[in-house]
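Reading through the structure tokens given below for one structure.
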Amino acid sequence: MSKAIVKKTAICLRSTGGFSEFLMDSIENVDKELSTTNIPKSYKRSKGNGKLIKQHDFTFGNKIARVYAWNDGEAGWENKNELPPPIAEDLYFGNVYIIGHNENKQVDIYADEFKKLLNTHFGGFEDIDSDDSWSSEEEAASDDSIHDFIVSG
């Protein structure tokens, strides 16, 4: 009797930027290298050279998010996503994969969890898309020289 293949949710950081969830064949032991045979064809269109390599583990909640990527590839196929320190300065090629695990057993990792992970590990960084606004401490004082340039109509 053959063993049923269990599917787990993982994250694909597309080489062009952005990310999405996908279902993959579960890995029995995440300490082994990630084989692209576990990843659906539609999520492995963009690859680097060689094998997928474990890059870093990020802990959040009761899970660990393991980052797998290619360190080598063709010019123009660099992954456009920004990753948090300590791998922020590293260059990866093709799609990057985020696999959730707990005690070396693969667990689901969802997009909302990944967003929280990024917010946590990018701590101190401002959201580029956030509205720029003045705080009360930054308001121009009434005697500030900027008021000399305002012309009343």
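The values are calculated or read from the model by the stated rules, or taken from the named source; none is laboratory data. Since the model is a prediction, treat every value here as computed from it, not as a measurement. Neighbour counts are summed over all protein chains in view; Cβ atoms, including those assigned to glycine, are modelled from backbone coordinates with ideal geometry.
Just checking, how many residues over the stretch 9-44 are closer than 14 Å to Phe114 by Cβ and in contact (Cβ under 8 Å) with a residue 24 or more places away in the chain? Walk me through how you get there before you give the answer.
Keep residues of the stretch 9-44 that are closer than 14 Å to Phe114 by Cβ, which gives 9-14, 18-22.
Within this subset, residues satisfying the condition of being in contact (Cβ under 8 Å) with a residue 24 or more places away in the chain are 9-14, 18-21.
Selection size over the stretch 9-44: 10.
Condition first: without any contact (Cβ under 8 Å) to a residue 12 or more places away in the chain and within 21 Å of His121 (Cβ to Cβ). Now tell me which residues in the stretch 45-81 satisfy that.
The answer is Asp57, Thr59.
As an exercise: evaluate Leu118 against (1) assigned to a helix (DSSP H, G or I); (2) modelled with pLDDT under 90; (3) loosely packed, with under 14 Cβ neighbours inside 10 Å; (4) of a type outside the set (Ser, Thr, Tyr) and give the number of the one condition it does not meet.
(3)
Please go through the stretch 100-118 and give me each residue that is in contact (Cβ under 8 Å) with a residue 24 or more places away in the chain and under 11 Å from the mean Cα position of the chain (by Cα), ordered by number. Even if it seems obvious, please write down each step before you answer.
Here is the first cut: in the stretch 100-118, the residues in contact (Cβ under 8 Å) with a residue 24 or more places away in the chain are 100-102, 104-111, 113-114, 116-118.
Matches in the stretch 100-118: Ala111, Glu113, Phe114, Lys116, Leu117, Leu118.
I need a count of the residues in the stretch 84-104 that are at pLDDT below 95 and within 22 Å of Ile27 (Cα to Cα).
3
Scan (1) closer than 24 Å to Gly123 by Cβ; (2) in contact with a Phe, Trp or Tyr (Cβ under 8 Å, 6 or more places away or on another chain) for the single condition Ser15 breaks and write down its number.
Of everything listed in (1) closer than 24 Å to Gly123 by Cβ; (2) in contact with a Phe, Trp or Tyr (Cβ under 8 Å, 6 or more places away or on another chain), Ser15 misses just condition (1).
Against the definition (within 16 Å of Lys80 (Cβ to Cβ) and not aliphatic (A, V, I, L, M)), how does Gly18 come out, yes or no?
yes
Step by step: first the residues of the stretch 21-73, then only those that are among the β-branched types (Val, Ile, Thr) and either within 22 Å of Asp90 (Cβ to Cβ) or surrounded by 15 or more Cβ atoms within 10 Å (Cβ to Cβ) (or both), then the one that is modelled with the lowest pLDDT. Which residue is that?
Only one residue fits best here, namely Val30.
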